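J.: One structure coming up, written as structure tokens, with questions to follow.
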Amino acid sequence: YPERTCAHKLIEKQALRRPEAVAVGMGEQELTYAELNSRANQLARCLRKLGVGREVAVGLYIERSLEMVVGMLGILKAGGAYVPIDPGYPPERVGFVLKDTAAPVVLTQKKLSERLPSSKAKVLCLDSDWDRISRYSGKNPRWQSKAEDLAYIIYTSGSTGRPKGVLIPHQGLVNLITWHNRVFEVKPSDRASQIAGVAFDACGWEIWPYLVAGASVHLVLPELLGNARGLWSWLTK
């Protein structure tokens, strides 16, 4: 596998090759590769102004949405490591994760921001604060990350005690992506479904390999998650 690169750099190449192709969609909403890359670049530049750099943890307290994907990619482009936090978690667990990672910034959505426990982290809403974020350039920022740097931190369930943060480096993520795309022969024409919750490691597996390959990722709507017949219909459209 390419040992000295990062997933966000490989996605930038797809934005050059296939700018008008759909990168991610949810219901009637879609972002092309050019749009996804530009928005993530704007967010990355904003995050750097807030002090995010190499291996700085950034909380991602967010529901499944296009903003979720922009947030994940933008954090990587800023050089940081994203920390996915499920909005359904008890406040005690959310507070523990933010304190344990010492995340200086938390990305969220307006409707969720009031549920965040008190902390020293700066809160940035990817919906209501987007006017502020969009003032930054959409050009690719200077690459800061190294392959051995952290890409994300994901926490265990804590069922045997305190939750533990598992540190995933860029080279490990690229290794997984490369293996996945070889075994499943992922092509730009493929459409992939994204169903796992943001704090479940499978969420990344459902996103990164397909964006790196130039395929399109489609996020399931919340109302379909508890509806087996509706989900089956959506998957087989």
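The values are calculated or read from the model by the stated rules, or taken from the named source; none is laboratory data. Source: prediction; values computed, not measured. A quick note on method: Cβ atoms are made from the backbone with ideal geometry, for glycine too, and the neighbour counts reach across all protein chains shown. Only protein heavy atoms, including side chains, enter the accessible area calculation; ligands, DNA and RNA are left aside. Shrake-Rupley method; radii C 1.70, N 1.55, O 1.52, S 1.80 Å.
Conditions tested, residue by residue: (1) of a type in the set (Phe, Trp, Tyr); (2) crowded, with 24+ Cβ neighbours inside 10 Å; (3) in contact with a His (Cβ under 7 Å, 6 or more places away or on another chain).
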| position | (1), (2), (3) |
| --- | --- |
| 16 | no, no, no |
| 20 | no, no, no |
| 25 | no, no, yes |
| 34 | no, no, no |
| 44 | no, yes, no |
| 61 | yes, yes, no |
| 73 | no, yes, yes |
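J.: Now for a different question. Which ones in segment 89-131 are within 17 Å of the chain's Cα centre (by Cα) and in a loop (DSSP other than H, G, I, E, B)?
T.: Listed by number, the residues that qualify are 103, 109, 126, 127.
J.: Under 7 Å between Cβ atoms, at least 6 apart or on separate chains: pull out the pairs that start in segment 184-209 with a residue that is more than 18 Å from residue 68 (Cα to Cα) and end on any residue that is open to solvent by 50 Å² or more (accessible area, probe 1.4 Å) and part of a loop (DSSP other than H, G, I, E, B).
T.: What qualifies is 188/18.
J.: Any residue that is hydroxyl-bearing (Ser, Thr, Tyr), touching a helix residue (DSSP H, G or I) at 6+ places or on another chain (Cβ under 7 Å) and under 30 Å from residue 90 (Cβ atoms) - is there at least one of those in segment 157-167?
T.: The answer is no; no qualifying residue exists.
J.: Looking at 143, 232, 205, can you tell me which residue is surrounded by fewer than 16 Cβ atoms within 10 Å (Cβ to Cβ), within 27 Å of residue 78 (Cβ to Cβ) and among the aromatic types (Phe, Trp, Tyr)?
T.: None of the other options fit; the residue is 143.
J.: Is it the case that residue 40 is touching a Pro at 6+ places or on another chain (Cβ under 6 Å), assigned to a helix (DSSP H, G or I), open to solvent by less than 10 Å² (accessible area, probe 1.4 Å) and under 21 Å from residue 134 (Cβ atoms)?
T.: No, not satisfied.
J.: Out of all the residues in segment 147-187, which are touching a Phe, Trp or Tyr at 6+ places or on another chain (Cβ under 6 Å) and at positive phi?
T.: Within segment 147-187, none qualify.
J.: Residues of segment 206-237 being part of a helix (DSSP H, G or I), at pLDDT 95 or above and touching a helix residue (DSSP H, G or I) at 6+ places or on another chain (Cβ under 7 Å), which ones?
T.: 208, 209, 211, 212, 213
J.: Could you list, ordered by first residue, the pairs with Cβ atoms under 8 Å in which the first is in segment 64-77 and acidic (Asp, Glu) and the second is surrounded by fewer than 24 Cβ atoms within 10 Å (Cβ to Cβ), at least 6 apart or interchain?
T.: 67/109; 67/126; 67/127
J.: Let me spell it out: the conditions are (1) open to solvent by less than 30 Å² (accessible area, probe 1.4 Å); (2) more than 19 Å from residue 23 (Cβ to Cβ); (3) not acidic (Asp, Glu), and residue 215 meets all of them except one. Which number is the exception?
T.: Going through the list (1) open to solvent by less than 30 Å² (accessible area, probe 1.4 Å); (2) more than 19 Å from residue 23 (Cβ to Cβ); (3) not acidic (Asp, Glu), residue 215 breaks only (2).
J.: Please list, ordered by first then second residue, the pairs with beta carbon atoms under 6 Å, 6 or more apart or interchain, first in segment 141-165 and within 17 Å of residue 56 (Cα to Cα), second among the aliphatic types (A, V, I, L, M) and not in a strand (DSSP E or B).
T.: 141/44; 151/173; 155/97
J.: Which of the residues belonging to segment 148-161 are open to solvent by less than 40 Å² (accessible area, probe 1.4 Å), in a loop (DSSP other than H, G, I, E, B) and modelled with pLDDT of 95 or more?
T.: Across segment 148-161, the qualifying residue is only 149.
J.: Across segment 46-59, which residue is most open to solvent (accessible area, probe 1.4 Å) among those that are outside any loop (DSSP other than H, G, I, E, B) and in contact with a helix residue (DSSP H, G or I) (Cβ under 9 Å, 6 or more places away or on another chain)?
T.: 48
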